[in-house]
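Single-structure report; data block below.
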There are 2 protein chains.
Amino acid sequence: MQREINGRPVIETARGPVLTPCAPGSVLARLGDKWTILVVSMLALSPDTPMRFGAIRRGIPDISQRMLTLTLRSLERDGLVARHYYPEVPPRVEYELTARGRSMLDPLAAFTGWIRDTWQDIEASRKEFDDVERSGTSAN
Amino acid sequence: MQREINGRPVIETARGPVLTPCAPGSVLARLGDKWTILVVSMLALSPDTPMRFGAIRRGIPDISQRMLTLTLRSLERDGLVARHYYPEVPPRVEYELTARGRSMLDPLAAFTGWIRDTWQDIEASRKEFDDVERSGTSAN
DNA sequence: ATCGTCGGTTACATCATCATAACCATTGAA
DNA sequence: TTCAATGGTTATGATGATGTAACCGACGAT
């Protein structure tokens, strides 16, 4: 039976364990970009009813139309978001989380919950680290 | 009482909910980069004993010395990894997860577990999406 | 005398991400 | 007739992330 960690098979060798660099990283990379979590969060606000493009846009201040389009397209590509186009005038486009997208919410919340709880400590560590770096550069 | 989702406060307005774009995204962005999860996974293999730079490096094929250094430095900056330097010759440097880093493992595993379970479906969706895009461009 | 080990740093090129802004088609309203 | 609303696309730059390669210093082994 093979050991596994974070979805990655571990190979035991004489010189130590070796991780198989495997695909799940590309999912984390997608969700780790600048806007994806915000967009998913907006859609998670109304898991049962679709949401119009403009409503999502208004819910995320500072996101540009282009980046929202790209982000939604990526999520759609991964099958996490469904797009419904109604060729009215003016056109109406609605988005909603798919079943797969909704299945992500709980595990995601487990992780973002940890981030929320730990965030202030991480911020403090960053500040301290940067301060030491700055003073250390001249003091060394 | 304020609604919250994925660690982000939600403001209710007449035109719909608005998400406060808040800092936790920067943690996800850090973990979502190309190497961080792999490095954390390596260190999680031996949560109790530190690991040498070279051992981590050998455990992650294809990571360059530079990127491993940068990734470990980032994790150290966030207080997730501790660095121990022994000025011997040749020098010895050991890394280990801090308590904070270890506290991340369970929530992270919840999420990467979902990725592992869903990965094949996501891959399939991507392929299908890209195929439709390619044929659709000419067929439209 | 030269090489290899270890854990880096530095310089440079390349590539992806993101921001900004202009443009598009359609229709109804001012 | 000009304008706004909707949901985009396209062009252009800037910034950031990553890859590649060379170099470092101390020492032990060859």
Counting only residues that are within 12 Å of chain A (Cβ to nearest Cβ), near DNA strand D (Cβ under 9 Å from one of its atoms) and among the hydrophobic types (A, V, I, L, M, F, W, C), segment B:59-69 contains a total of 1
Output the residue which, of all residues in segment A:59-114 that are of a type in the set (Val, Ile, Thr) and without any contact (Cβ under 8 Å) to a residue 24 or more places away in the chain, is nearest to DNA strand C (Cβ to nearest atom).
-> A:Val89
Among residues of segment B:37-58, those that are more than 8 Å from DNA strand C (Cβ to nearest atom) and either open to solvent by 60 Å² or more (accessible area, probe 1.4 Å) or free of Cβ contacts under 8 Å to residues at least 60 places away in the same chain (or both), counted | 14
Please enumerate the residues belonging to segment B:70-86 that are farther than 16 Å from B:Ala44 by Cβ, within 9 Å of DNA strand D (Cβ to nearest atom) and either away from chain A (no Cβ under 12 Å) or touching a Pro at 6+ places or on another chain (Cβ under 9 Å) (or both).
-> B:Leu70
Number of positions in segment B:13-53 that are of a type in the set (A, V, I, L, M) and farther than 21 Å from B:Leu105 by Cβ | 4
Residues of segment A:1-26 being at pLDDT 80 or above and either at negative phi or hydroxyl-bearing (Ser, Thr, Tyr) (or both), in sequence order, are A:Glu4, A:Ile5, A:Val10, A:Ile11, A:Glu12, A:Thr13, A:Pro17, A:Val18, A:Leu19
Picked from segment A:88-134 (must be among the hydroxyl-bearing types (Ser, Thr, Tyr) and either within 8 Å of chain B (Cβ to nearest Cβ) or in contact with a His (Cβ under 6 Å, 6 or more places away or on another chain) (or both)), the residue most open to solvent (accessible area, probe 1.4 Å) is A:Ser103
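The values are calculated or read from the model by the stated rules, or taken from the named source; none is laboratory data. Keep in mind that what you see is a predicted model, and the values were worked out from it rather than measured. Positions of Cβ are generated from backbone atoms using ideal geometry, with glycine treated the same way; all protein chains shown enter the neighbour counts. Surface areas here come from the heavy atoms of the whole protein model, side chains and all, with no ligands, DNA or RNA. Shrake-Rupley method; radii C 1.70, N 1.55, O 1.52, S 1.80 Å.
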